[in-house]
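This report refers to the structure that appears directly beneath it.
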Amino acid sequence: MHLTIDEVRHVAELAKLRLSEAELALYAEQLSAILEYAASLQQVDTSHVAPTPYVLPLVNVMAVDAPAPSLDNDTALRNAPDQAEGFFRVRAVFEE
Amino acid sequence: MNKALYELTIHEALAGMRAGDFTAVDLTQSLIERIAQVDGHVKAYLTLTAEQALAQAEAADARRAAGEDAPLLGIPLAIKDVLCTAGVRTTCGSRILENFVPPYTATAVQRLASAGIVMLGKTNTDEFAMGSSTENSGYFTTHNPWDLDRVPGGSSGGSGAAVAAQVALAALGTDTGGSVRLPASYCGVVGLKPSYGRVSRYGLIAYGSSLDQVGVLAKDVRDAALILTVMAGHDAHDSTSMPAPVPDYRQALTGDVRRLRVGLPQEYFIAGVQPEVEAAVRAAIDTLARLGAEIVPISLPNTDKALPVYYLVATAEASANLARFDGVRYGFSAGAESILENYRASRGQGFGAEVKRRIMLGAYALSAGYYDAYYLKAQQVRTLIKQDFERAFAQVDVIASPVAPTTAFRIGEKADDPLAMYLSDVFTITLNLAGMCGISVPCGFDDAGLPIGLQLMGPHLGEETVLRAAHAYEQATAWHTHWAQPIVGEA
């Protein structure tokens, strides 16, 4: 299992991470080594084993549908990198 | 009592304040002075809140003067910087959150605040709790108080070092794969990782949501039991918190381990474990046997699969959780020309190397064509690991092992080899995958004078048994009375 630079570039795009050429090369090496180590899992017979995404027996936990105070507008925007008129401000989405 | 106030345990400090021997302000000032003396060398704290701490101490003294009391009234603690604290910067050890000031407080911290604590500050951590040494902090490396050239362990290394250097009476940490137990072991303090769902994760900035749990680093087992009693329990803000009653965990500390069945898993006593570590852990098990425990050889056959399972499951969850850092609502924004470019640039510049590595690994494991082979497969093997523990706990009450294969390693020693770093967690990640509880208790020193930790593991919601065993062992030995002597004076 060896990842190519292009495969790493593809994953970086999925993860929306801009990486330098040096980072792409480094991660190709390091991720390949880690995945090679993880390949030992393929030898385990799991044909009749259910996956465990979550360890608790709790399912469909319901919250009481009762109104309660929430953050006010100013507080919610306090950490915003950019804001305007009480909203988060971002670059236009449909003008790529 | 000839101890300085900063040297007290929580129970000693509470007794002293209740008897009127000193005030919360005296205690807090003693710790602030200790921080000024020591923390320039140890660097446990990312953010100090000394002024606020003194105000909280004054408020605690006023409450006590008015005849009030509370379980932790006037007790100065430190909080790992991945737990949100309203009005106090919370960075997760990441540059991407350098200026993030949360609008709300994590439930675990809020419950401690309601019980009267004084918050001294926020402790250093590997970025987003991803690491085993605290070297992955985006700010600086914390140093082990026993040897400043060595790591304190991670990711709650700031909290472990803070307790060991006695710059806090105790500290909160978080444990996703060993991040409370490993620094406890490397720093020679007690580290309790509760069962998944025992403590609310609300306000804990998520790394691996099916694994994360808030834990305690403390000077002794009784202090850890008290803090757990205060912060555990169901929280409507966290649908994964267990609606199970919370006992006063101190009542479990009977000192009686007669007929307690202690499992010895052969897979945790393997080649590669430092000989002094194995010897100290075996001696600790002999001590438990002398106290009346019954030692039972057991097997957890899928142990060697836990590390690859963890690094697929945790990174997959991380890649999803960390998608929220996009430069829109909070955190660093690169100010790029288009929204997509701003995502890429803000995340590329804001995250450090290990965080990017784990996001990449997780995104790969979840990507089309690889999901079944990596992520699903890891979750299936996770089932086998959990079943190993379920079978074992049908036979025994607790399981004893080393916390880590070695004592604290040198700063920089594993920085360029992620796989070698990951191996530090080989004995701790299994519990997180199974959702069960465990503790690290000091059990000796290696030839270089570095602390060794005994791990005691228990079933889901088995905290009382784990604490009882840990306390009985601790009280039968003197390891918890040894303290590091870090350099004192200007850094």
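Structure summary
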quantity: Radius 13 Å from Cβ of B:G263, net charge of other residues (Lys, Arg +1; Asp, Glu -1); calculated: -3
quantity: Values of log10 I(q)/I(0), in the order q = 0.15, 0.26 Å⁻¹, for segment B:231-320 under a Debye, Cα-only, solvent-free model; calculated: -0.99, -1.15
quantity: Calculated FRET efficiency for the pair B:V101/B:E490, C-beta based, R₀ 30 Å, to 0.05; calculated: 0.50
quantity: Sorted largest first, extent of segment B:158-245 alpha carbons per principal axis (Å); calculated: 36, 25, 17
quantity: From phi via Karplus (6.51, -1.76, 1.60), per-residue ³J(HN,Hα) for segment B:246-254 in Hz, x at Gly/Pro; calculated: 10, x, 7, 4, 5, 5, 6, 8, 8
quantity: Helix A:21-38 axis, angle to chain A major axis (alpha carbon atoms, nearest 10°); calculated: 60
quantity: Dipole magnitude (debye, nearest 20) for segment B:287-412, charges at Cβ of Lys, Arg, Asp, Glu; calculated: 220
quantity: Nitroxide proxy distance, nm - points 7 Å out along Cα→Cβ at B:A62 and A:V64; calculated: 3.1
quantity: Counted charge near B:K122, where neighbours are those whose Cβ lies closer than 11 Å (Asp, Glu -1; Lys, Arg +1); calculated: +1
quantity: Surface per residue (accessible, 1.4 Å probe) for the protein assembly as shown, Å²; calculated: 37
quantity: Exercise: per-residue mean of other protein chain Cβ atoms within 10 Å, B:311-323; calculated: 2
quantity: Principal-axis tilt of helix A:5-14 within chain A, Cα atoms, nearest 10 degrees; calculated: 30
quantity: Heavy atoms of B:I35 accessible to a 1.4 Å probe, total area in Å² rounded to 10; calculated: 10
quantity: Zone of B:D372's modelled label, taken as backbone nitrogen in segment A:31-47 under 13 Å from a point 7 Å along Cα→Cβ; calculated: A:47
quantity: Local net charge near B:F351, Cβ-Cβ under 13 Å (Lys/Arg +1, Asp/Glu -1); calculated: +3
quantity: Charge dipole magnitude, Cβ of K and R +1, D and E -1 - segment B:292-366, Cα centre, debye nearest 20; calculated: 200
quantity: For segment B:409-455 and segment A:49-96, distance of Cα centres in Å; calculated: 35
quantity: Cβ neighbours within 10 Å from other chains - mean over B:360-368; calculated: 6
quantity: Residue with peak Gaussian network fluctuation, chain A [Cα springs, cutoff 10 Å], from A:S47, A:S70, A:S20; calculated: A:S70
quantity: Inverse mean reciprocal Cα-Cα distance (Kirkwood Rh) of segment B:1-150, Å; calculated: 16.1
quantity: Gaussian network model of chain A, springs between alpha carbon atoms under 10 Å - residue of A:L77, A:L31, A:L56 with greatest fluctuation; calculated: A:L77
quantity: Gained length - A:F94 relative to A:V44, 0.36 nm times residue gap less alpha-carbon distance; calculated: 13.3 nm
quantity: Candidate aspartates and glutamates for bridging to B:K193, where Cα separation is under 15 Å - those fewer than 8 sequence places away on the same chain excluded; calculated: B:D175, B:D212, B:D220, B:D223, B:D425, B:E463, B:E464
quantity: Given charges at Cβ of Lys, Arg, Asp, Glu: segment B:155-243 dipole, positive-most of B:L172, B:L228, B:L192; calculated: B:L192
quantity: Carbon and sulfur %, accessible surface of the protein assembly as shown computed with the full protein complex present, 1.4 Å; calculated: 52
quantity: Other-chain or far-sequence residues with amide H under 5 Å of B:T123's (modelled H); calculated: B:L46, B:I79, B:K80, B:D81
quantity: Tensor-based shape of chain A (alpha-carbon gyration tensor, a/c under 1.5 rounded, otherwise prolate or oblate); calculated: oblate
quantity: Average beta-carbon neighbours from other chains, 10 Å sphere, peptide B:331-344; calculated: 4
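The values are calculated or read from the model by the stated rules, or taken from the named source; none is laboratory data. Remember, predicted model here, so these are calculated numbers, not experimental data. Neighbour counts run over all protein chains shown; Cβ positions are idealised from the backbone, glycine included. Areas reflect the complete protein model, heavy atoms only, side chains present, ligands, DNA and RNA absent. Shrake-Rupley method; radii C 1.70, N 1.55, O 1.52, S 1.80 Å.
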